[in-house]
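The values are calculated or read from the model by the stated rules, or taken from the named source; none is laboratory data. Bear in mind that the values here come from a model prediction, so they are computed numbers and not experimental data. Note that each Cβ is placed from the backbone with ideal geometry, even for glycine, and that neighbours are counted across all protein chains shown. Note: areas computed on protein heavy atoms with side chains; ligands, DNA, RNA excluded. Shrake-Rupley method; radii C 1.70, N 1.55, O 1.52, S 1.80 Å.
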Amino acid sequence: MNAILAQSHETTDPLKLLHRPGVRLVSIFGSLDEDGSRRVHYAVDIDNRQYRVVSIAGEGPIASATPITPAAAWYERELHDQYGVAIEGHPDLRPLLFHENWAEGVHPMTAGFEKVPAGTRTPYRFLKVEGEGVCEVPVGPVHAGIIEPGHFRFSIVGDTVLNLELRHFYTHKGTEKLFENMPIADGCLIAESVSGDNCFAHAVAYSQAMENSFGVAVPARGRALRLIGLELERMMAHIADVGALCGDVGFTVPAAYTARIKESLLLASTRFFRTRFWRGVAVPGGVTIDLAAVDAAELQRIVAEAARDFAELAKIILETPSVQNRFESTGVLSRDVARDLAVVGPVTRASGIKIDVRRDHPYGRYREFATEIAHHSQGDVLARARIRIDETAISARLIADTLREMPTGAIRTSISADASAEGFSAVESPRGELFYWVRVRNGRIARCHIKSPSFQNWPALPLAMPGNIIADFPLINKSFNLSYSGCDR
Amino acid sequence: MIFDTVKQSLSSRRVLIPVEQLLMDAQGSRMPDVQPSLLTAEIARRAADACPTTALTLEEADGRTQLVLNYADCVACGRCIEAGAGAFVAAQKLACCGATKSGLVRRWDVASGAEIVSSEREMENSAREIRSLLGRALNIREVDAGSCNGCEAEIVAITNPYYDLERFGIHFVASPKHADMLLVTGPVTRNMAEAVRQTYAATPSPKLVVAVGACGCSGGIFAGSHATAGPLDAIIPVDGYIPGCPPTPAMLLSGILHVLQRRS
Ligand code: SF4
Ligand code: SF4
């Protein structure tokens with residue numbers, strides 16, 4: 001079961017735990033004890049069945065987990081930036097969150113931090129690939145399309161990519177810090193603004209973390225409405241992703257058609273829930289908006305029509321030789337790399353790893369049945385497109401099943417606002433495992449950590465690039481479709 | 001085969017939304033509006049207390065209490081609507097999309113419920129005038145200055161067949177060097193401030209800058225974070241503001257057209 005197992009002051013050695021087979025790193029993050037001293041938490045998933053959070057003191061130097069699992073590398077860099085925790089044995093502690101216009105030695109999550117002093121830091125050192133005919137191509141942070149900012153540095157020979165290095169966190173907003181001292185109800189507003197296209201998944205993950213912390217159960221109808229919102233969000237994300245992939249190979253008619261299908265779902269949300277992206281719907285304790293009984297059939301019809309149109313379109317897309325040619329064997333992410341970097345979501349399921357929070361750690365309404373999971377094993381752009389196509393159909397079925405047997409009654413319950421507690425929750429967002437860990441002291445948020453699937457998956461993208469031509473990068477990047485804001489927070 | 005499918009679908013369901021219907025449409029944005037007849041001092045106080053931002057406040061002027069609604073700060077959380085006992089409703093139409101900063105502020109006299117209308121807020125919204133802009137060309141460069149990507153999702157949506165931005169002769173371009181207008185989202189993070197300045201400098205004059213979303217207008221939910229350097233108008237000059245979190249495609253389209261109209 002999702003959560004309930006929060007044992008935050010356990011004595012287990014986290015590095016020993018990470019050595020064990022079947023243990024997948026979920027997140028590493030810091031927090032402050034009441035006296036202001038630092039603590040480091042390791043969240044893991046054991047055998048795809050049980051989450052566990054283990055913590056150790058963070059005042060003295062700690063041993064790096066990166067030599068054991070490369071999936072820890074970015075988490076430890078973030079921990080080092082946010083909390084200034086000394087980490088021994090980490091191969092690369094270059095700043096992750098902070099660029100040159102941040103003074104040296106700033107650690108915003110430590111006790112007593114007030115503001116970033118004026119100052120700069122030494123320029124970032126990119127890795128250097130040397131050899132005959134190697135050129136460097138820097139791209140970004142501002143890109144050509146309507147997409148988020150990030151920097152990519154390619155080392156190429158001719159057209160072929162030898163190495164890709166990412167430099168992100170242009171959209172870093174100090175989000176985790178903003179939660180501090182907020183009333184728990186207001187935390188939702190921030191959670192919804194972490195990654196706008198997955199805002200409902202964030203709001204649900206945050207709310208569930210609070211519900212788990214305080215032992216509050218959401219009424220059955222609230223759980224059903226959450227499932228509908230989560231699966232609609234997944235459908236919209238996946239449909240848009242497939243459209244964007246078509247756009248990238250110049251197949252613009254289906255791209256426009258997917259945009260139309262997605263908009264039909266947004267308009268349905270407006271019509272029945274008065275919000276396009278389900279912002280403001282999930283709150284700790286349930287949901288704020290009910291679905292009128294008379295509207296259920298019409299919503300079901302629109303979702304079914306969108307799913308049918310998309311399935312037909314997807315068939316055409318996959319049967320088009322020029323699409324096959326561009327998608328097939330492009331940007332392969334091997335199963336081993338996906339496992340080593342603890343990659344999550346549709347990307348890992350396209351590389352043959354069958355994990356999905358909905359099935360492995362069911363929450364809310366997903367506890368009442370076994371969620372069917374799509375998976376493919378080729379790890380290329382085609383497999384990542386197919387995963388999204390298959391999952392869209394599954395989501396539509398889940399919505400239909402839920403609408404058919406809508407529980408009646410309350411949609412929301414109250415949650416005590418002045419107590420202290422801590423806990424966590426995970427949700428399968430459209431991009432994969434989204435994990436929130438919260439601590440509340442006297443009704444105020446003391447700490448909220450967000451592990452976003454994009455933070456986890458970005459480091460895997462460069463490993464799908466070598467050997468591909470640089471012109472295929474936009475397509476490969478799109479097939480991962482990671483959120484910059486979700487990663488950078 | 002693709003053409004058969006698309007032809008059949010396009011002929012069976014016409015989706016293009018006419019311009020008259022689009023202008024100022026705010027449905028689905030969850031932005032608040034006020035029903036002056038139901039406004040009381042008690043309700044105004046309750047709604048202002050419920051507001052998690054500084055969007056909704058009470059001000060004393062000449063011995064009278066004014067309810068001040070600043071759309072720049074509104075994150076569309078809907079709490080004032082929940083607390084407002086009918087006096088606060090979800091806006092159907094919003095005239096201020098594309099307004100100047102002061103044009104985003106509305107005021108009501110709490111005792112009488114009357115809206116205090118400033119001359120600046122008055123905007124010409126006739127579809128006829130907007131139509132007169134049709135056929136001109138406008139090139140927009142979108143700049144994400146640290147948004148959550150919600151605003152991007154809606155900006156992408158204005159190019160879909162329902163809203164069809166291109167019917168107004170408006171295109172998104174890949175480089176600021178080709179742009180007449182910068183459409184900027186996000187609170188301007190510390191890490192993006194320099195890129196925003198450089199993008200502005202690279203855009204040839206005359207140029208228009210439109211701040212998008214609560215983040216673009218005021219920093220929104222991220223206002224005051226140690227990791228932001230904005231809001232946008234603290235970094236570069238801004239010609240118009242489109243509030244919302246995120247603004248809907250109709251609000252974006254209305255806002256872009258209004259900024260254009262005001263400046264042409
Ligand atoms: S919707 Fe806007 S004005 Fe109303 S409470 Fe929320 S932020 Fe304040
Ligand atoms: S205004 Fe709202 S939707 Fe737009 S970037 Fe800011 S938080 Fe996201």
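Odds and ends about this structure:
- Each Lys and Arg Cβ is given +1 and each Asp and Glu Cβ -1; about its Cα centre, the range A:3-123 then shows a dipole of about 360 debye.
- Within the range B:25-64: Cβ-based charge dipole about Cα centre, in debye rounded to nearest 20 (Lys, Arg +1; Asp, Glu -1): 140 debye
- Two-decimal ratio, the protein assembly as shown, of alpha-carbon radius of gyration to 2.2 N^0.38 Å: 0.91
- Ranked packing of A:131-137, A:95-101, most packed first, by mean Cβ within 10 Å: A:95-101, A:131-137
- Label zone of A:LEU166 (point 7 Å out along Cα→Cβ, amide N under 16 Å): in the range A:66-90 this covers A:70-79.
- Set of lysines with alpha-carbon distance to A:LYS315 below 21 Å, sequence-local pairs under 8 removed: A:LYS262, A:LYS478, B:LYS7
- Accessible-area composition of the protein assembly as shown, carbon plus sulfur, in percent [1.4 Å probe]: 52 percent
- Student exercise, the range A:350-396 dipole from Lys, Arg, Asp, Glu Cβ charges, in Debye to nearest 20: 80 debye
- Mean per-residue shielding of peptide A:141-153 is 6, counting Cβ atoms of other chains within 10 Å of each Cβ.
- Residues in the range A:345-379 reached by a label modelled at A:ARG404 [backbone nitrogen below 18 Å; 7 Å Cα→Cβ]: A:365-373
- Two-site label geometry, B:ALA41 and A:ARG49: point separation in nm, points 7 Å out along Cα→Cβ: 6.6 nm
- Residue mean of other protein chain beta carbons inside 10 Å, B:187-196: 6
- If you take the Cα centroid of the range A:177-245 and the Cα centroid of the range A:356-411, the two points sit 16 Å apart.
- Probe 1.4 Å, all protein chains present, accessible-area order of B:ILE155, A:ILE68, largest first: A:ILE68, B:ILE155
- Take the Cβ atoms of B:VAL117 and A:THR371, set R0 to 56 Å, and the FRET efficiency comes out at 0.55.
- Cross-link partners of A:LYS173 among lysines (Cα-Cα below 22 Å; sequence separation of 8 or more within a chain): A:LYS115, A:LYS451
- The C-alpha atoms of chain B define a longest principal axis, and helix B:41-50 lies at about 50 degrees to it.
- The simple spin-label model puts a point 7 Å past each Cα toward its Cβ; for A:CYS135 and A:LYS315 those points are separated by 4.5 nm.
- Solvent exposure ordering (accessible area, 1.4 Å, most first) of A:THR12, B:THR203: A:THR12, B:THR203
- Gain in span if fully extended, A:ARG335 to A:ARG397, counting 0.36 nm per residue against the direct Cα distance: 19.5 nm
- Percent of C-alpha pairs per 10 Å bin, the range B:127-263, short to long: 13, 46, 33, 7, 0
- Dimensions (Å) - the range A:3-123, Cα atoms, principal axes, largest first: 47, 31, 23
- For the set A:SER454, B:SER102, A:SER414, A:SER264, solvent exposure ranked by accessible area (probe 1.4 Å, protein chains only) runs largest to smallest as A:SER414, B:SER102, A:SER264, A:SER454.
- Under 17 Å from the Cα of B:LYS93 - aspartates and glutamates, other chains or at least 8 residues apart: B:GLU20, B:ASP25, B:ASP33, B:GLU115, B:GLU122, B:GLU124
- Shielding by partners - mean other protein chain Cβ count within 10 Å, residues of A:191-199: 6
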